[in-house]
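Working notes, beginning with the structure itself.
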Amino acid sequence: MSDIRENIIAEIKKVYDPEIPVNVWDLGLIYNIDIQQDKVVIEMTFTSPTCPMMEDILNQVKTNVESVVNGKSVEMKLVWEPIWDLSRMSDEARAQLDLTEQGW
């Protein structure tokens, strides 16, 4: 199962928020990936509930993941708790956006 998880993460990393030059994985927007026998459930949030690209980004993640899960269905669950904050970002994302510990 770890290979499929790695493939899923690789596909998620291809999806970027058009306003932020960092992929949604490194932004920390993916809260959970649940790989079940017949489907994959991805819990995802956004930096803001008013994100104008929300539907497009959700659809991109779903489409990308569907390409590597061998016929399993992909269910996207939009979640708002816990609330996203900068601490969820990877070190690479913080470095890319020039956010030091002093800055956040």
Failed criterion for residue 31 (all others in (1) surrounded by 17 or more Cβ atoms within 10 Å (Cβ to Cβ); (2) in a strand (DSSP E or B) hold): (1)
Residues of region 9-25 satisfying the condition of being over 10 Å from the mean Cα position of the chain (by Cα) and among the hydrophobic types (A, V, I, L, M, F, W, C): 10, 20, 22
Residue among 8, 42, 35, 30 that is among the hydrophobic types (A, V, I, L, M, F, W, C) and in contact (Cβ under 8 Å) with a residue 40 or more places away in the chain: 8
Can you find, within region 46-88, the residue that is surrounded by the fewest Cβ atoms within 10 Å (Cβ to Cβ) among those that are of a type in the set (Val, Ile, Thr) and part of a loop (DSSP other than H, G, I, E, B)? 50
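Read the figures in this text as sums done on the coordinates, not as results from a lab. As the structure is a computational prediction, the values presented were derived from the model and not from experiment. Note: ideal-geometry Cβ built from the backbone for every residue, glycine included; neighbour counts use all protein chains shown.
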